[in-house]
Amino acid sequence: MNRETIEALHMIEKEKGIPFDLLIDALEDALHSAYNKTANAVPFSEAKIDQDTGEIHVFELIFPPGMEPDTEGLEEGEKPDIDYSIAERQEVTPNDFGRIAAQTAKQVIYQRIRDAEQDIFFREYSTRLGEIVTGIVQQSDNRYTLVDLGRVEALLPKSEQVYTERYEHGMRLKAVIKEVNQNPKGPPIILSRRSEELVRRLFELEVPEIADELVEIVGVAREPGYRTKISVVSHSDGVDPVGACVGPRGSRVRMVVSELRGEKIDIIPFNEEPARFVAKALSPARVREVLLDDEALEATVVVPDDQLSLAIGKDGMNARLANRLTGWKIDIKSETEMVDEETSFSVSEEQQQVDDGRCHAVTSGGKRCPNAALPGSLYCGIPSHQAQALEEAAAASEEEAPVAAEGTVSAVTEADLAEQQSNEAAEEAGEA
């Protein structure tokens with residue numbers, strides 16, 4: 001070795017970002033390993049490199065009597081736990097050690113540099129899990145895709161690829177960091193294009209209100225390559241969360257859709273009222289009514305007959321995404337199906353005594369209507385529920401009606417009295 005070798009190590013330090021001292025230590029370990037394989041190697045030794053001239057020196061370590069290191073059970077290259085400062089040093093550098101060092105140290109130092117690089121990348125990228133990165137596709141086949149991130153290569157495995165996408169050599173793409181490991185046989189960084197976090201990060205890049213925390217993405221439900229639903233909420237008065245994500249003339253959401261290769265995106269305003277949130281989550285379908293079972297977290301959604309297929313979606317995708325976005329198990333029925341099931345509405349006397357502000361109508365399945373009752377009524381404004389209110393009012397009037405001579409109950413309303421008086425007046429006019 002010579003001065004040029006030292007300069008080369010300094011250059012590696014600048015280009016690779018590996019500390020010079022770490023390179024020197026690795027090279028000295030490699031040279032010591034090479035010396036131990038020579039024929040006349042002494043039991044205890046160390047190799048040192050002069051950092052000014054680049055010259056290599058091998059020293060025999062002579063320990064005081066009774067203080068020799070115990071090397072039993074140590075693996076190759078492992079140093080015994082002992083204070084080396086107590087040993088005397090005597091140079092034993094072989095005459096032909098330069099040739100041996102050149103042959104052996106080259107491979108070892110290359111591996112140490114690679115290990116050091118991976119360690120640096122691991123420390124750097126392990127704190128960036130979930131972040132979005134941009135890279136260029138270097139190689140792609142049926143098993144994985146290699147992506148060049150600049151200083152390091154990353155792996156996009158088949159399980160994290162979107163089935164509808166194709167990755168060509170030289171293509172620029174964005175992905176999120178899903179995993180970072182210290183695998184010496186492959187790239188340390190694992191990327192993902194299927195992760196729901198990718199959608200979050202893309203909207204953060206395109207929507208300043210999200211980056212400034214004025215708008216928050218509450219939840220994301222995704223079928224990679226086909227459709228995504230996100231729920232958003234505003235933390236600032238006057239900021240429309242949906243409008244902020246859509247952008248002027250749809251420019252912001254269009255950029256996200258373009259990066260996701262045409263994947264459809266539904267932006268849903270988050271609502272703390274479950275019925276309204278479930279109804280919005282089924283967008284673009286129109287919802288007529290939502291019935292909730294709070295204990296089982298189940299929602300029965302009634303839609304117009306012509307909206308049933310749209311609400312369910314292709315292969316149930318729209319309903320499935322709404323389920324994952326809201327956390328409610330959703331059962332979608334058309335109005336015709338609901339009418340067939342709701343043969344009667346009834347509430348117990350105990351329920352009628354409870355005035356909690358909610359509609360008291362329940363289906364035959366026992367699910368109570370979540371809508372607010374109209375003022376002065378136990379039922380909401382849904383026609384079938386108001387019909388029940390009228391039936392109960394008529395029944396109450398019948399119970400309060402006067403008893404006839406025969407002992408039967410007569411239910412007389414104001415309309416009946418008016419009709420009777422009109423008929424009597426007509427008869428008198430006819431007799432006259």
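No lab work stands behind these numbers, since they all come straight from the coordinates. In this text, all values refer to a predicted model and were calculated from it rather than measured experimentally. Here Cβ is always computed from backbone atoms with ideal geometry, including for glycine, and neighbour counts include all displayed protein chains.
At a glance:
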read-out	value
Charge sum, other residues only, whose C-beta stays under 13 Å from Glu55's C-beta, Lys/Arg counted +1 and Asp/Glu -1	-3
Long pairs among Lys174/Lys329; Lys264/Lys314; Lys16/Lys106, criterion Cα-Cα beyond 23 Å	Lys174/Lys329
Amide H contacts under 5 Å for Arg358, placed H, 5+ residues apart	Ala373
In the stretch 187-270, the GluC sites (Glu not before Pro) that fall in loop regions by DSSP, at most 13 other Cβ within 10 Å	Glu213
Length released on extending from Asp52 to Asp141, taking residue separation times 0.36 nm less the Cα-Cα span	27.2 nm
Residue order, fewest to most surrounding Cβ atoms within 10 angstrom, among Val287, Val246, Val215	Val246, Val287, Val215
Förster-model FRET efficiency, 45 Å R0, Phe20 and Ala41, C-beta, rounded to 0.05	0.95
Cα gyration tensor shape for the stretch 127-194, rounded if a/c is under 1.5, else prolate or oblate	rounded
For the stretch 195-270, diffusion coefficient by Stokes-Einstein and Kirkwood Rh (Cα), 37 °C, 0.692 mPa s, µm²/s	272
Charge tally in the Cβ shell below 9 Å around Ser234, where Lys, Arg are +1 and Asp, Glu are -1, Ser234 excluded	-4
Ranking of Tyr379, Tyr167 by count of other Cβ atoms within 10 Å, fewest first	Tyr167, Tyr379
Order of Thr5, Thr53, Thr228 - criterion: other Cβ atoms within 10 Å of each residue's Cβ, fewest first	Thr53, Thr5, Thr228
Cα-projected label distance for His10 with Asn183, points at 7 Å along beta-carbon direction, nm	3.8
